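The values are calculated or read from the model by the stated rules, or taken from the named source; none is laboratory data. Everything numeric in this text was worked out from a predicted model, so none of it was measured. Every residue, glycine as well, gets a Cβ built from its backbone with ideal geometry; the counts of neighbours run over all protein chains shown. Each accessible area value is taken on the protein alone, full model and side chains, heavy atoms only, with ligands, DNA and RNA left out. Shrake-Rupley method; radii C 1.70, N 1.55, O 1.52, S 1.80 Å.
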Amino acid sequence: VAGGFFPDDGIPLRELARRYPDVVFVAASSGPREVTLDRPARNLYRVAPDYGQAVAGLATYAYRRLGWRRVAILPEEWIPGWAAETAFVREFCSLGGHIAKRIQLPIPPADSTSAVLNAIPRDANGVAVLGSSASVSPDLLRALARRGTNTLLLGPEVIGDTDLMRQVTALTAVVGASYSAPESSSPAVRAYLREYAKAYPGTPPDEPRDEVMMAYRNGVEAVLEAFEQAHGDLSDG
């Protein structure tokens, strides 16, 4: 069970799996769709969603529940942003929605809050932030949230960054997608993180918790459930 912090870590893992066809590999972290769908290795599995799957349903929620018809999207120019943008745009437009404007977020976050706000078309019903902490600042999120109720969607790379979310606790009426239940709203996740900190006290506190802890936990759980269903029989039979 392997993975890392960078979006393309699953690609070399896929190539490594080809060299050891009798070993089962599980990609613990999210990443690009190519990890499992482009020339896949038969012994590589992934239970974490890829970046496109991670925003599934978010556009439908905006169109049907929030009544959005025109949306401004804020992606970042990197793998997470490309994949999330493609999936969101296809889903939203297939329902009849339109992309009012694409506003690319710079990496690292620049002091561009005013420029971003001024670039949002007046007729846009809302904004979808499909970047990450590499391109999204707390000031930008707070400014976007002040535009009004039900006018802001957050992608999983934003929601999953607990350090970023702690700095914008005033957010209200904001919808987001997440790889796992957010720490702030899930007693089960908070309990798990407390137990993890006791078991592994040396883990640096600034590492992304969802990426390090929850994704690996889910990957290992999937392997253990597979062992149980096979009754521990790892032979060819």
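Brief remarks follow.
- For the chain, the longest principal axis of the alpha carbon atoms and the long axis of helix 79-94 meet at an angle near 60°.
- Using a probe radius of 1.4 angstrom, the carbon and sulfur fraction of the accessible surface of the chain is 52%.
- Label-zone membership for segment 76-101, site Arg147, 7 angstrom Cα→C-beta point, backbone N under 11 Å: 100-101
- Only helices enter this figure: runs of n ≥ 4 DSSP H residues, each worth -39500 (n - 2.57), summed and divided by the residues of the chain, yield -10000 deg cm²/dmol at 222 nm to the nearest 500.
- Of the trypsin sites (Lys or Arg not before Pro) in segment 66-122, the ones in a loop by DSSP (not H, G, I, E or B) with at most 13 other beta carbons within 10 Å are Arg122.
- With Cα atoms, 0 to 90° folded angle of helix 215-229 axis to the chain main axis: 40 degrees
- Shape category assigned to segment 1-42 from the gyration tensor of Cα positions, a/c cut at 1.5: oblate
- Net length gained if the chain between Arg194 and Leu16 were fully extended (0.36 nm per residue, minus Cα distance): 60.7 nm
- Computing Rg and the Kirkwood Rh from the Cα coordinates of the chain gives a ratio, Rg/Rh, of 1.01.
- Under a 5 Å amide H cut-off, with hydrogens placed 1.01 Å from N, His98 pairs with Arg70, Val71 among residues at least 5 apart or on other chains.
- Accessible surface, the chain, averaged per residue in Å² (probe 1.4 Å): 54 Å²
- Distance between the modelled labels on Asn43 and Asp111, one decimal in nanometres: 5.4 nm (7 Å Cα→Cβ projection).
- By a 1.4 Å probe calculation restricted to protein chains, Tyr200 has an accessible surface near 130 Å², given to the nearest 10.
- Between 0 and 90°, nearest 10: helix 10-19 axis offset from the chain longest Cα axis: 20 degrees
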